[in-house]
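The values are calculated or read from the model by the stated rules, or taken from the named source; none is laboratory data. Remember, predicted model here, so these are calculated numbers, not experimental data. Here the Cβ positions follow ideal geometry from the backbone for every residue, glycine too, while neighbour counts run over all protein chains shown. In case anyone asks, the SASA skips ligands and DNA or RNA and just uses the protein heavy atoms, side chains included. Shrake-Rupley method; radii C 1.70, N 1.55, O 1.52, S 1.80 Å.
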Amino acid sequence: MRRIRKSLFFKLALLIVISSGTVLAIVMIVSNYNLRTRILEEQKKYYTSLAAKSAIEIDQKLFKAKTIVDKAAIIFKVTNPTREKSIQLLKNILNSDEMIGGSAVALAPETQFDKAGFQMLYAWKDNDTIKYADRINPEQDYKSEWFIKPYTLKKDIWTEPYIDTDVNRMMVTYSTPVIVNGNVTAIITCDLILDSVEKLLMEVELGHQGAPVLVTNEGRIISYPKKEWVLKETIASIGKKLPDPADREMMKNLSQLLRKKQSGNMRLKQINSSSFMWFYFDTVKEADWRIGFLIPEKAILSPINDLNKKMLIIALLGITALLIPAFFVSHSITNPLKALCDASDSLANGNFDAPLPKLKSNDEIGRLVMDFERMRIDLQDYIKTLAATTAEKEKIASELSVAKEIQHSILPKLFPPYPKYSGLDIFASLDSAKEVGGDLYDFALLDDKKLYICIGDVSGKGVPASLFMAVGKTLLKSTVQNVKDPAKALYIVNNELSENNDASMFITLFCGILNLKTNELTYANAGHNPPIIVTGKKSFFIKQASAPPLGAMPDIKFTNETIKLPEDSLFLLYTDGVTEAMNSENKLFGDNTLLEVIKNNPAHTAEKCIVNIKNAVNHFVGNAEQSDDITMLCLSNNINNNNTLHDKNTPDASIVFTNNKSEYPRIESWLNQTGEKLNWQPGFLMQLNLALEEWIVNVISYAFTDNDIHEIEVRLWQTNKSVRIEISDDGIPFNPLEEKHTDTDSPAEEREIGGLGIHFIKNTVDVFSYKRVKNRNVVIMEKSL
């Protein structure tokens with residue numbers, strides 16, 4: 001009997017242990033799975049928001065420096081540049097932002113340096129003083145990234161970050177071109193010290209195991225705790241060095257993700273470890289960098305792991321206690337565990353308000369319930385915090401949408417606006433690049449015979465620009481209604497906007513008053529694009545006095561000018577979002593294309609004129625992202641109201657050389673001497689030299705399959721309009737025009753080798769052709785003077 005009782009006791013104890021252990025295991029597994037999923041999702045929202053916030057903070061630092069240099073470029077453009085003015089301009093740039101460590105003004109190669117008094121100036125901070133000097137080797141600087149890219153592309157750029165060896169600090173350079181009549185006359189730069197950016201990253205609270213990461217759009221590491229990788233490695237290059245193929249593939253996927261997406265996350269396996277970590281990132285849009293945070297999955301899930309340990313300890317204690325009074329323990333444990341299991345299911349499914357069983361006892365089960373209660377409260381508070389963060393982000397997006405509606409609501413949108421004026425045809429449109437923008441237009445009748453019109457473009461984009469736009473539009477309209485004089489109105493509004501303009505914002509603006517009886521237009525221009533008059537199939541820009549934009553500096557005198565609009569003509573106002581619209585090949589729409597579109601698409605109404613131009617711009621841009629607000633205002637006023645519809649065989653120079661790379665200096669010297677003899681501009685010579693060198697390198701490297709000496713001949717002709725170069729060789733047949741399109745969009749590690757040289761030549765010269773004559777390759781390049 002004693003053995004039977006003992007056996008029954010152990011069986012009962014074993015049954016209780018197994019049953020209670022199974023219940024607790026289910027509770028822990030279900031809770032762990034659901035809580036893990038929920039916490040990972042909430043952490044994703046938190047760190048993605050944190051990355052976006054950090055990206056905005058860095059963006060603001062870069063945008064401030066960019067705005068300072070852009071403003072300096074506009075001042076440089078509208079003033080007569082001298083050495084003294086340029087030095088003062090550089091000092092103003094350096095004093096405007098403590099992050100700016102240096103700044104340069106570089107005149108274009110074809111500029112008359114003697115008249116300006118300098119060729120290339122550089123200023124830098126030395127403790128509490130500012131020093132400046134002429135650049136020692138400007139010809140070498142003309143080939144540097146900070147000059148050649150904005151000079152060639154005619155747009156501002158951010159260079160790759162670099163270490164300045166003079167001060168041993170990480171920097172990045174912003175360069176913007178000064179464009180006059182479509183030509184680059186100078187490049188203005190600023191060198192930003194990235195110490196504050198690194199400090200910002202280090203101050204982000206990520207826990208002792210988290211790590212911030214900042215990389216370029218090509219994946220080059222700008223900031224990371226492992227300093228030996230900074231500016232020396234890319235994500236792709238690190239991956240290629242890993243021995244494990246799975247690790248290499250993972251790094252390749254991460255590199256592709258950062259190039260294709262502006263924000264997101266990715267689960268990564270830690271190198272040389274079986275653990276995982278999460279990478280959350282967003283984009284610093286100004287420089288197209290990626291900022292991200294590496295957070296170990298173990299750290300994210302540590303609250304669950306700690307809870308699991310506590311639950312396991314408590315469960316073991318409870319099971320041990322069950323072995324003493326089998327029946328009592330079975331009865332006292334089963335009921336609470338069942339209630340606890342039900343509550344934990346609700347908790348695991350997200351119902352954090354589900355009540356836990358109330359126990360008077362303070363045993364292991366009671367402690368387990370208390371731990372669950374603490375966990376429930378902690379998770380509830382944590383999720384509320386994350387929910388508040390997410391709601392705030394959604395609120396900002398909603399407010400931006402409302403701001404866009406408000407901004408557009410203050411612009412006149414009823415067309416035709418004045419039906420009783422049957423001879424007056426007016427139409428306008430505004431397409432913002434972002435939720436809100438900085439472009440504006442306006443028109444209003446001042447009396448029965450005077451119509452006020454204006455169009456403007458605020459520096460920058462987004463909310464600051466839209467607020468500045470609203471202020472400027474309101475001020476100008478009320479001022480014009482009082483003074484009825486465009487120049488006086490611009491003077492008054494400029495002084496108002498310049499006062500306390502700490503953000504250094506400005507507005508380019510055209511303001512005019514049209515006499516509806518005589519078609520005489522009195523106007524004044526504050527640095528805005530020249531309007532276009534369209535008569536029949538002819539269109540031309542009107543001449544106007546040059547003046548700086550509003551808000552740039554106080555007490556600027558503006559000048560009124562008067563022109564009589566031809567009968568049945570269209571008068572078109574537009575912002576630089578039209579002429580500077582850019583396609584995927586980084587080509588601008590341009591003034592000439594705008595005139596050509598107007599000529600080839602004759603319009604008889606203001607709306608049709610604007611629609612034709614918008615269609616042409618959209619077709620030109622294609623799939624490229626809109627980079628600036630596009631605004632147009634067009635009008636015509638038929639004062640007669642008749643409703644009529646508008647209707648040399650010997651070359652100038654030559655050289656023969658062999659297929660030896662040692663010939664390169666001789667070829668370059670020959671072209672330089674030829675250019676000097678034929679009076680070429682330095683910029684023209686530099687572009688022609690690069691194109692010729694690229695093709696000759698191609699010929700010498702790939703045209704010949706033997707080790708013999710071959711002769712290559714170059715002949716050159718010049719006309720009044722262009723230069724024509726003919727290069728011939730007896731190498732294997734090769735037609736460069738049959739090469740497939742060069743891939744410039746994929747990551748560098750995924751592109752096929754070759755093709756970039758021919759792509760460069762095609763984009764440098766105006767004509768690039770090939771023919772095979774008497775077993776010789778003959779390539780012809782022609783470039784307009």
Problem - Residue-averaged 222 nm ellipticity for the chain, from DSSP H runs of 4+ at -39500 (n - 2.57), nearest 500 - result: -14500 deg cm²/dmol
Exercise for the section: Would you mind counting up the charge near T579? Only other residues with Cβ under 11 Å from its Cβ, with Lys and Arg at +1 and Asp and Glu at -1. Expected result: -4
Practice task
For Q140 and L153, calculate 0.36 nm times their separation in residues minus their Cα-Cα distance, and state this gained length in nm to one decimal.
Solution key: 2.8 nm
Exercise for the section: Please sort 85-98, 276-289 by packing, taking for each peptide the average over its residues of neighbouring beta carbons within 10 angstrom, highest first. Expected result: 276-289, 85-98
Handout entry: Phi-based couplings in Hz for region 762-776 (Karplus 6.51, -1.76, 1.60; Gly and Pro marked x)
Key = 4, 8, 9, 9, 8, 10, 9, 10, 9, 8, 10, 10, 6, 6, 10
Handout entry: Greater than 32 Å apart at Cα, pairs in K115/K232; K154/K564; K45/K199
Key = K115/K232; K154/K564
Problem - Under 14 Å, Cβ to Cβ, from S429 - net charge with Lys/Arg +1 and Asp/Glu -1 - result: -2
Exercise for the section: Take the Cα atoms of region 410-640, build their convex hull, and give its volume per residue in Å³. Expected result: 114
Problem - Residue order for R367, R290 - accessible surface, 1.4 angstrom probe, largest first - result: R367, R290
Handout entry: Residue-normalised accessible area of the chain, expressed per residue, 1.4 Å probe, Å²
Key = 51
Completion exercise
In the chain the accessible area split gives carbon plus sulfur, as whole percent at 1.4 Å, a share of 52
Completion exercise
Lys and Arg at +1, Asp and Glu at -1: neighbours of E713 with Cβ under 13 Å from its Cβ sum to -2
Exercise for the section: Return the loop-located chymotrypsin sites (Phe, Trp or Tyr not before Pro) in region 11-118 (DSSP other than H, G, I, E, B) with at most 16 other Cβ atoms within 10 Å of their own Cβ; answer none if there are none. Expected result: none
Handout entry: Euclidean distance between Cα centres, region 672-713 to region 69-96, Å
Key = 38
Practice task
Using the Kirkwood radius over Cα pairs, work out the Stokes-Einstein diffusion coefficient for the chain at 4 °C and 1.567 mPa s, in µm²/s as a whole number.
Solution key: 40
Fill in the blank from the handout: Note: I56 to Y162 extended length (0.36 nm per residue) minus current alpha-carbon separation gives 36.0 nm
Problem - Cβ crowding within 10 Å averaged over residues, with 700-706, 166-172 ranked highest first - result: 166-172, 700-706
Completion exercise
Along region 60-66, Karplus-curve 3J(HN,Hα) (6.51, -1.76, 1.60; θ = phi - 60°) to the nearest Hz, with x for Gly and Pro, reads 5, 5, 5, 5, 4, 5, 4
Fill in the blank from the handout: The extension gain from Q270 to N305, computed as 0.36 nm times the residue separation minus the Cα-Cα distance, is 10.7 nm
Practice task
Grab region 653-784 and count how many Lys pairs have their alpha-carbon atoms under 18 Å apart, sequence gap of 8 or more, or different chains.
Solution key: 7
